[in-house]
Structures are given as structure tokens and as C-alpha cells.
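Report on the structure given below.
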Amino acid sequence: MAEATRQKFQQLRACYSQGLLCYELFTLVADAAKLTLEQALRDRFAAHHSGTITVRDRSQVEHEITYTTYPDFFGQYKKAGGTKIRMGSSRTWTGFNGTLDGLLLWARRESLLRGQRNRGIERAKKALRNLTAHGTFHLLSPVDAYRDLSDLAEIINHLWGHSTPGGRLYPAPIARDVVAISWNSTSVHAAHAEQLVRQQPGEEHDFIYVLARAVFWPGDREDPHLMEYDTLNATTRYPTQYLWGPGSRAEAIAWFEKEAPKPDYCDTLDQIFVIRVHEGRIHLPMYPGVAAALHTPEQQGAWYAIRADGPHEVLAHVRALSSAANRHARSNECGECSVETIAHGDLIAVLRAAQTAGSDITPLTVPDVRTSFADVMAPRSVAASA
């Protein structure tokens, strides 16, 4: 981390602790945290390009700039009439204005900032920064200051390659355990598989069991849609990985004891889903590997490959596309919601695009099983909007 950014953040932390003695300090800390965002991006830009960067002017003439600090770079950039720099893994020439707006775009293209919901949060933070820089007198609470300081810490950490355990914006991968999901026609239950082994059998003879890796830590972090689990479709808030089933409780215990599957971790940001529109119906999102194993009749229709932080945003976006009042983008980043459309077309083309974007498209054959709650809460297809 750049020393200037570190020192500025430590200064803000020290001021926050003094807010109990002077309430106005909370407002000063919150405002300064909004302004420090640009300093952090400037410092990261300077470190990323290691003192040398090639730029283009309006006439497409290239200039090589050697600098020591970001202000040094920006002064030379303006003097050279620079308008573009190379960004992203493809090194595409992209417009760059050197301000907070341009720095946020640059950080996104270089994958230093990520997450689809965070795109909207970053836009809001840019607007709040501008309001702070040009606004009038206001008074903020300790909670406001804490949130701004906490968000700034997460952004700085992520810019320098570190996720934040339990973070709001850029969380570290979340632990998944092996979970037994069981249901009958009237109820659905979940428990850690190892607890299933220790518990005495009850009145579960009519229950169906599956085992999956899932985010299930009651009292800490728990997937709010786990009871709607569907092996074929993405219905849970966090990625859930099918392991075994369906079968009885005894069969589930026997498989678990024999195979001894281990917990793991899952990333929740920028997941890739595919979703089908066919005969006026929009089907639930799928993970690319599951879609790759579909039989030919199930491959028909128009497909989308979409990057999002969860499957529910994907379904909402595609439903919005079919609306007469649609303002959502059919390709690239959507300005109306938190998704990015990678490709659309037939399933083969969409899967290839998903693979290029980093998704594993190895065919993954799973049984067609879903809980009784999924039948009610998450129907497998919905009518396209009028």
C-alpha cells in the first residue's frame, strides 16, 4: 500500500476516536473519507504502472510518460494532450480524464475493483464525493462516519489485492460446509451433515435428503434461500454445490461417512450465470456447467450469459428486457441494475463466451431434484413481461 494512503487512513482513524470529545469530528472524518477515495486511486494508479505509461493524444500520436507521483503523471498527461491510455487484459485504448470518474473506470478495467452491486455503490460514492467537495454545512452521525471509514478501508484493501473477511463491499470468500437438506410435502430442513450423523433418528422416514456444500452458519451467515434449493437451477443466494442425493437419511449418512467431503470456500462476487428465454417463458438461471450437460430439447431458445453477484438479479434483468418500458442494456454493463451481459445467442455461443470470461463449462450432470419450497417460491419459468 502507498505510504501516503496509509498515513491518511491512520489519521482518519485517530480523528474518529476523538469524536466522543468533539461531535463535529465525525462529520469531518466522513467527509475526508469520501475525498480520500480519490487519493487511494491515484496512489494505486501510480504504483500499478511502475513509473512509465504510454498515452495517446487526440491525433492518436503516442507519448511515453515517465513519472514519480500521480500529480507528476497528470501534469505531463495534460501537457501532452493525452486522451487515452491502455486498460484491461486486452490493453484496449480507453478514454481517461484523470479525475475520480476516470480512475474508477480504470480500476474496474484493471480488475482492481469488482462486484456488480459495487458498480452502483461506486457511482454513489463518486456523487457523494462531489457533493462533499462542493456542498454546504451538514452534520453526520458516528454511524455515518464509521460506514464511510469502513468502506474506505475495504476499497483500499481491495485495490492492493486483499479482500476483507466479512466485508460489506469486497468480502473474502465465504466458508461453505457440507449440509443435509431434507424435505417432505409440508416442510424443509437443513443441518450440517456431521450433525445428521450424531442425531437420533426421528420421524423423518418420509423425508427426501440431498447433501450439498452451502453457506449455512446459523447465527452468523446463512443463505436466505437455501430452503429453495434446486439442483438444476441457481436459486440460492450464495453458490451451492450439489454432492449427493436424493435418498433416505440412512443413505445420506452412509455416503457422508464413506466419502468424508470437506468444507470449502466460495467467492460471491461476479459470478457467471446462463439463462434461457423460450416460447414466451423465462427460465431460472443456471450455472454454465449444469447448462452444458442439458439434453438437446432443453437447449432450445435464446440464451444469455450474465455476470452478477447472485441469480435473482439475473432473472430480474432478463424479465425487464422483455418489458415494453425496458431501459435495461442487452449487452455489456447495465446502467439500471447490477448485472453485466457477456453474450446472448444460442447455448453453444453463450457457453463459449462464459468460458472466455473465466467460467468453467465442463458438463456437470446432476439429478433433477428440488425442495418442496422451491416448487412454491421459485417456479422454474415465468412469463415474459408484457
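The values are calculated or read from the model by the stated rules, or taken from the named source; none is laboratory data. Quick caveat: nothing in here was measured; it's all calculated off a predicted structure. We place every Cβ from the backbone using ideal geometry, glycine too, and count neighbours over all the protein chains shown.
Residues are listed down the side, and each one gets a yes or a no for (1) within 17 Å of the chain's Cα centre (by Cα); (2) small (Gly, Ala, Ser); (3) outside the structural domain of Thr341 (by TED's automatic domain parsing); (4) not in a loop (DSSP other than H, G, I, E, B):
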| residue | (1), (2), (3), (4) |
| --- | --- |
| Asp206 | no, no, yes, no |
| Val210 | no, no, yes, yes |
| Arg213 | no, no, yes, yes |
| Leu232 | no, no, yes, no |
| Thr236 | yes, no, yes, no |
| Gly245 | no, yes, yes, yes |
| Phe256 | no, no, yes, yes |
Residues satisfying the stated conditions in the stretch 356-386, i.e. charged (D, E, K, R), part of a loop (DSSP other than H, G, I, E, B) and surrounded by 14 or more Cβ atoms within 10 Å (Cβ to Cβ): Arg380
List the number of the failed condition for Pro297; all other conditions in (1) in a helix (DSSP H, G or I); (2) more than 24 Å from Pro239 (Cα to Cα); (3) touching a Cys at 6+ places or on another chain (Cβ under 8 Å) hold. (3)
Out of the strands (runs of 3 or more DSSP E) lying entirely within the stretch 1-99, which hold 3 or more residues that are among the hydroxyl-bearing types (Ser, Thr, Tyr)? none
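Conditions tested, residue by residue: (1) charged (D, E, K, R); (2) loosely packed, with under 15 Cβ neighbours inside 10 Å.
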position	(1), (2)
Lys78	yes, yes
Gly82	no, no
Ile85	no, no
Ser90	no, yes
Gly98	no, no
Leu103	no, no
Ala107	no, no
Tell me yes or no: at least one residue of the stretch 8-19 is farther than 17 Å from Asp148 by Cα and free of Cβ contacts under 8 Å to residues at least 24 places away in the same chain. no
Cross-chain or 6+ apart pairs with Cβ under 8 Å, the stretch 54-67 first and without any contact (Cβ under 8 Å) to a residue 60 or more places away in the chain, then part of a loop (DSSP other than H, G, I, E, B) and exposed (fewer than 10 other Cβ atoms within 10 Å of the Cβ): none
Considering the stretch 215-250 alone, what residues qualify as being small (Gly, Ala, Ser) and either surrounded by fewer than 19 Cβ atoms within 10 Å (Cβ to Cβ) or under 26 Å from Ile282 (Cα atoms) (or both)? Gly219, Ala234, Gly247, Ser248, Ala250
Can you confirm whether the stretch 263-273 contains a residue that is among the aromatic types (Phe, Trp, Tyr), crowded, with 20+ Cβ neighbours inside 10 Å and assigned to a strand (DSSP E or B)? yes
Single unsatisfied condition, Asp148 versus (1) in contact (Cβ under 8 Å) with a residue 60 or more places away in the chain; (2) outside any helix (DSSP H, G or I); (3) of a type outside the set (Phe, Trp, Tyr); (4) surrounded by 13 or more Cβ atoms within 10 Å (Cβ to Cβ): (2)
When every residue in the stretch 1-38 that is touching a helix residue (DSSP H, G or I) at 6+ places or on another chain (Cβ under 6 Å) and of a type in the set (S, T, N, Q) is compared, the one surrounded by the fewest Cβ atoms within 10 Å (Cβ to Cβ) is Gln18
